[in-house]
């Protein structure tokens, strides 16, 4: 938040230097562009799995471990819901770009349609699932949000104050409601321990699963409604041109969810219980996503 505030003040001072003598031309139809920096709040992601125990994997060859015949019979090995796992991802500071068309001629009010694109890089985290009997099988269990992007359409309403009150600029406040398509580039890997470690478990795990990985690699997506709140300062550049410094807070109104994806590799084979058998899949859900942004914009009034 300190970064956003510092950037906002820098933008305001820069705009002030460009506008020593200003006349208000904020009226009529207009078109604008905008570019800024975005700081996202942490994303809490929950993965749900529909899977099968390692010893139920019908792809693995028959083996007898001290009287335990593996894999277990298929009628004991239907897919089941496994314990959910929750991770927290701290996204990198991203960037935002937008284009707007609007009309300023309703007294102090201004209406606007805005297209906005936002993008962040993510991070990789270690995954621990309390209560999951499979947890002790793994030497590596990580998941990653490699990148998040959002494309949004907003309907905005602004209130433009009449008198310059801040470093020669005229302030405004606004709010918008919109629909966003959010895409998350998600990946995960769960690599099993070596044969000796699997054999030491109780019960022992099938030795053919040793060092095998289950891998997820998918671009997930969902449509979400959201809102944004804005405040800033306009600086008249003359010739019907306006420069703006804007601070905004935005949030989705619901949770992101994308389910039913097969693993790219399940213990080194297709994401099914057996060749031609029932599918094994996972899903990802995140709580409402929100962010702060600071941006500079230019618009031309016709």
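Under the criterion of Cα pairs below 8 Å and six or more residues apart, the relative contact order for the chain equals 24 percent. Between residue 264 and residue 181, the simple label model (points 7 Å from Cα in the Cβ direction) yields a spacing of 2.2 nm. Once the C-beta distance of residue 215 and residue 92 is scaled by a Förster radius of 25 Å, the resulting FRET efficiency is 0.55 to the nearest 0.05. For the pair region 207-267 and region 280-302, the centres of their Cα atoms are 6 angstrom apart. Mind giving me the FRET efficiency for residue 31 and residue 139? R0 is 45 Å, r the Cβ-Cβ distance, nearest 0.05 is fine. That gives a FRET efficiency of 0.20. Can you tell me how region 164-272 classifies by the Cα gyration tensor, rounded, prolate or oblate, using a/c under 1.5 as the rounded cut? Note, shape of region 164-272 comes out prolate.
With q set to 0.10, 0.13 Å⁻¹, the log10 of I(q)/I(0) for the chain, from the Debye formula over equal scatterers at the Cα positions, is -0.65, -0.87. In a fully extended conformation the segment linking residue 167 and residue 298 would gain 45.3 nm over its present Cα-Cα distance, using 0.36 nm per residue.
Angle of helix 2-18 to the longest C-alpha principal axis of the chain, folded into 0 to 90 degrees and rounded to 10: 30°. Only helices enter this figure: runs of n ≥ 4 DSSP H residues, each worth -39500 (n - 2.57), summed and divided by the residues of the chain, yield -2000 deg cm²/dmol at 222 nm to the nearest 500.
Highest mean packing comes first when the peptides 65-77, 245-257 are listed by Cβ atoms within 10 Å, giving 245-257, 65-77. Just checking the listed ones, 239, 208, 150: in the Gaussian network model of the chain with Cα springs under 10 Å, the one fluctuating most is 239. Classified by the C-alpha gyration tensor, region 89-168 has a prolate form. Its axis ratio a/c, with a ≥ b ≥ c, is 1.5 or above, and a/b is larger than b/c. Each part reduced to its alpha carbon centroid, region 52-110 and region 170-206 end up 6 Å apart. Relative contact order of region 183-239, taken over Cα pairs closer than 8 Å and 6 or more residues apart, is 41 percent.
Read-outs throughout are calculated quantities, based only on the coordinates presented, and are distinct from any laboratory measurement. What you see is a predicted model; the values in this text were computed from it and never measured. Note that we place each Cβ from the backbone using ideal geometry, even for glycine, and neighbour counts take in every protein chain shown.
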